[in-house]
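The values are calculated or read from the model by the stated rules, or taken from the named source; none is laboratory data. Small disclaimer: the values here were computed from a predicted structure and weren't measured. Virtual Cβ from ideal backbone geometry, glycine too; neighbours counted across all protein chains shown. To get the accessible areas, we keep the full protein, side chains included, count just its heavy atoms, and leave off ligands, DNA and RNA. Shrake-Rupley method; radii C 1.70, N 1.55, O 1.52, S 1.80 Å.
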Amino acid sequence: MRPHESHSERGEPVSHTALIGPYGAAAPAGTDSSPSPAPPRVGVVLSPRGAATVRDLLVAAGPDVRIVPLLRREVSAQWPGLTTLATRLFGEVFEVDAADPVVPGPPLAGVVTFGDAELELAAAIGRRLAVRHRDASPADKYVQRSTLAEAGLTRMGALPLSGPADLDTACDLLGLPFVVKPRRGAGGEDVTVVRTEERLRALQEFWPSDAYRFAEGFIHDASAQAGDWRADYVSVEVQSVAGRHDVITVFGKFPVYTRAGTVGQVSTTGDILPDGLGEETRRRVTALVLKAHEALGIGDGVSHTEVKLGADGPEIIEINCRVGGHLSRLLRRRSGFDMVRQALLITAGLPPQPLPEAGGERAVAGMFVPLATLDGTIASKVSPADLHAVGAVAVDEVARAGAARADSDGIACNVVLDHADLSELRYGAADFLDRVRTLFAADGVGQGDWTETMIARLTADPALAACTDAAAPASASVEAGV
């Protein structure tokens, strides 16, 4: 995989190997060695499953922000490799505790995190130190739905769930289908669409002991557009500074996947730029999202909001109070804008980057190709070079032969595609998936699953689909075995 690249103010390439190491390296020969103001220190609560890796943070911070890595003690113990890498890149890592969130050293300018599980800790540290931070309470998705309902910004009812018995009450209140989801979470993890009584009983039977969930109404799909290959939901990325909320960009999506053999759990499969929306639809979507940010009082930083293009108009699915996962890589490739850097600058109290330009026709996509089952181990021997050879321009993850399928988060690979426009992306994605199902044939990819369905959708003739049932409906979900 190619390393990240950046350029100096004169446009000359800069090797990021020069950046890797503790802060405080000597200035290059020939430069002004007079003291300059120290960059603001920003505490970043690290997460092994966050939207930004430690390397992302290093590159995004540049010379303007000094990263102070913070790790919850139990996370540090469970993920020692994360501590080792962060220490190598930043020179030091501080373990913190929610009960006593103290950070030694000079004052911080602010505290931020890129992982949902650490939002409360980041807020607790910010409050304790009286520095810039984002309040974590709007991240509770039941609180979101309730607040949006009070503001007249949602039509969906919601009910907190204290245990599996409450599912019967939710069914009576909301009707079938309805959705059960964590009050905190990301990427569709542990989201279940309850469509039938049988699925309700299965969810009650396998209810986890540590579940902190709620139920909400199901957002019904808009009428399908013949031949459309994208999902019926998008995400809107927003920056918030001193009470002002601005849209950074809007991402289209590949349809989500409901894996056979689960109790209806949903998995996301990727993101697309440009979004492919009509101008009026985009205006309605972004206006709703900005009103929701105002109603919830979203604080300074960058947020990620998913919006369903529902039968009754746009409806917010959820707001995540941090940078969206796997998105900055696409926007950075297409326009040079780095959302991780924007979040750091805002937290540091520095002027944010100018918002990105529209970007023209160029189309980029991140794609997570799902495995059909989480049982067993990976049988296919596929390398990043193999994926580059069949059309990926970047490979961020690939399932390793012999590893447990569940350890790969249920995906065969996580890649980036880059084409001249959406039409070329569509058929490039179809060709890529056709080749990937050969590479991962031993693991059942492309055999009655999301990949097979997506190839059919991507290659359907729109003109033919307008007159026949050849195209799959433009639903946000491609379900298997349900």
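Some points to look at:
- When residues of region 90-103 are limited to those that are buried (at least 20 other Cβ atoms within 10 Å of the Cβ) and touching a helix residue (DSSP H, G or I) at 6+ places or on another chain (Cβ under 7 Å), the one modelled with the highest pLDDT: Val93
- Taken together, the residues in region 271-307 that are open to solvent by 10 Å² or more (accessible area, probe 1.4 Å), farther than 23 Å from Thr113 by Cβ and either outside any helix (DSSP H, G or I) or touching an Asp or Glu at 6+ places or on another chain (Cβ under 6 Å) (or both) amount to 5.
- Within region 58-71, residues that are within 15 Å of Asp338 (Cα to Cα) sit with their Cβ atoms under 9 Å from residues that are assigned to a strand (DSSP E or B) and open to solvent by 10 Å² or more (accessible area, probe 1.4 Å), at 6+ positions apart or across chains, in these pairs: Val59/Ser6; Gly62/Ser6; Val65/Arg41.
- Members of region 130-181 found to be within 25 Å of the chain's Cα centre (by Cα) and of a type in the set (Ser, Thr, Tyr), listed by number: Ser137, Tyr142, Ser146, Thr147, Thr154
- Positions within region 55-67 being open to solvent by less than 10 Å² (accessible area, probe 1.4 Å), part of a helix (DSSP H, G or I) and touching a helix residue (DSSP H, G or I) at 6+ places or on another chain (Cβ under 6 Å), in sequence order: Ala60, Ala61
- In region 418-463, of all residues being among the aromatic types (Phe, Trp, Tyr) and in a helix (DSSP H, G or I), the one that is most open to solvent (accessible area, probe 1.4 Å) corresponds to Tyr427.
- Flag if Phe178 is farther than 23 Å from Gly297 by Cα, among the aromatic types (Phe, Trp, Tyr) and open to solvent by less than 30 Å² (accessible area, probe 1.4 Å): yes
- Just one of the listed residues (Leu148, Leu129) is of a type in the set (A, V, I, L, M, F, W, C) and at pLDDT 95 or above, namely Leu148.
- Test result for Ala295, more than 15 Å from Ala61 (Cα to Cα) and either in contact with a Cys (Cβ under 8 Å, 6 or more places away or on another chain) or modelled with pLDDT under 95 (or both): no
- Filtered residues of region 116-169 (kept if closer than 23 Å to Glu216 by Cα, in contact with a Ser or Thr (Cβ under 7 Å, 6 or more places away or on another chain) and open to solvent by 60 Å² or more (accessible area, probe 1.4 Å)): Ala117
- Only residues that are assigned to a strand (DSSP E or B) and closer than 23 Å to Pro39 by Cβ were counted across region 68-91, and they come to 4.
- In region 199-213, the residues that are closer than 24 Å to Thr154 by Cα and either modelled with pLDDT of 95 or more or surrounded by fewer than 22 Cβ atoms within 10 Å (Cβ to Cβ) (or both): Tyr212
- Restricting the search to strands (runs of 3 or more DSSP E) fully inside region 97-196 and requiring at least 1 residues that are in contact with an Asp or Glu (Cβ under 7 Å, 6 or more places away or on another chain) and more than 24 Å from Val340 (Cα to Cα) gives 158-161, 178-182.
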